[in-house]
Amino acid sequence: GVVSFSYVRYRPAMARGPRKHLKRLNAPKHWMLDKLGGTFAPRPSTGPHKLRECLPLILFLRNRLKYALTGDEVKKIVMQRLIKVDGKVRTDVTYPTGFMDVISIEKTNEFFRLIYDVKGRFTVHRITKEEAKFKLCKVKKVCMGPKGIPFLVTHDARTIRYPSPNIKSSDTVMVDIATGDITDHIKFETGYVCMITGGRNLGRVGIVVHKEKHPGSFDIVHIKDSAGNTFATRLTNVFIIGKGSEPMVSLPKHKGIRLSIAEERELRLAAQQ
């Protein structure tokens with residue numbers, strides 16, 4: 001007779017549920033963690049900003065502001081309800097803060113806006129109490145909800161109902177942090193100042209010169225900075241921050257002008273002399 005064999009293919013058990021760890025070497029480079037400082041890095045909680053485009057609160061308080069030496073001390077700070085992100089108390093040490101978020105520490109009367117420097121890293125950018133009352137949000141999409149209620153979704157996952165019909169995708173809205181209402185909006189137009197929030201030009205600031213439409217592919221935007229350098233990036237990476245050439249939010253030092261390596265070297269040598 002014919003002997004038949006049946007093969008049972010072994011499948012390894014798959015991980016159940018979301019990942020809970022993040023290895024040090026796999027953490028985003030802009031967090032600037034030393035690779036020998038441990039095996040793991042703080043994995044950001046799920047929240048309004050993407051894992052690789054955010055800065056967990058623990059890194060801001062411990063590694064940037066140096067208000068704590070250990071993760072345990074950060075926990076002690078946030079559990080006293082001293083840290084507010086966009087006007088709301090956050091007690092999660094790995095809460096993901098991201099671009100344009102306002103972090104306020106009322107006990108020390110300090111206010112910060114998370115914004116990129118020209119190297120594409122989140123910088124410690126102190127702002128006034130007046131400027132901490134609003135933030136700029138990029139409109140991701142404008143939709144119609146149930147019962148015909150229009151709403152828009154911003155880059156920081158806010159859903160705002162009944163927006164002005166003039167607001168379209170890629171525009172920027174100014175949001176009052178206390179109420180969450182739109183107080184002003186900036187159209188995506190040539191001649192307006194923008195900041196780049198992705199890609200290799202991350203953190204650069206310039207004026208929108210031209211927008212190329214590519215149906216079925218990515219729309220490309222050409223930008224010129226105040227030093228006269230021109231560069232191009234995808235539309236999804238462009239965040240309008242002001243009408244005309246004047247930004248509505250204060251910018252960190254260098255004002256988004258990226259220098260070449262030779263220019264940086266000259267500046268360093270000049271500073272030494």
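Things worth noting here:
- Taking packing as the residue-averaged number of other Cβ atoms within 10 angstrom, the listed peptides 241-250, 194-203 run from highest to lowest as 194-203, 241-250.
- When only the Cβ of Lys, Arg, Asp and Glu is charged (+1, +1, -1, -1), the dipole of the chain relative to its Cα centre reaches about 1100 debye.
- The Cα center of the stretch 62-76 and the Cα center of the stretch 214-250 differ in position by 36 Å.
- Per residue accessible area in Å² of the chain, where ligands, DNA and RNA are left out and the probe is 1.4 Å: 61 Å²
- Whole-number D in µm²/s for the stretch 1-118 (Stokes-Einstein; Kirkwood sum over Cα pairs; 4 °C, 1.567 mPa s): 79 µm²/s
- Estimated 222 nm signal from helices in the chain, with DSSP H stretches of n ≥ 4 weighted -39500 (n - 2.57), rounded to 500: -2000 deg cm²/dmol
- With Cα atoms as the point set, the radius of gyration and Dmax of the chain evaluate to 22.2, 94 Å.
- Alpha-carbon gyration tensor eigenvalues x 5, square-rooted, for the stretch 85-169, Å: 28, 15, 13
- Pairs of Cα atoms nearer than 8 Å and 6+ residues apart set the relative contact order; for the stretch 128-222 it is 18 percent.
- Most mobile listed residue (G256, G216, G47) in the chain, GNM with C-alpha springs under 10 Å: G216
- Dividing the mean sequence gap of close Cα pairs (under 8 Å, 6+ apart) by how many residues the stretch 1-124 holds gives a relative contact order of 20 percent.
- Split the chain at each of the chymotrypsin sites (Phe, Trp or Tyr not before Pro) in a DSSP loop with at most 16 other beta carbon atoms within 10 Å, and the longest piece is 68-217.
- Of all accessible heavy-atom area on the chain, the percent that carbon and sulfur account for (1.4 Å): 54 percent
The values are calculated or read from the model by the stated rules, or taken from the named source; none is laboratory data. Keep in mind it's a predicted model, so treat the numbers as computed, not measured. Here Cβ is always computed from backbone atoms with ideal geometry, including for glycine, and neighbour counts include all displayed protein chains. Note: accessible area is taken over every heavy atom of the protein model, side chains too, but ligands, DNA and RNA are not part of it. Shrake-Rupley method; radii C 1.70, N 1.55, O 1.52, S 1.80 Å.
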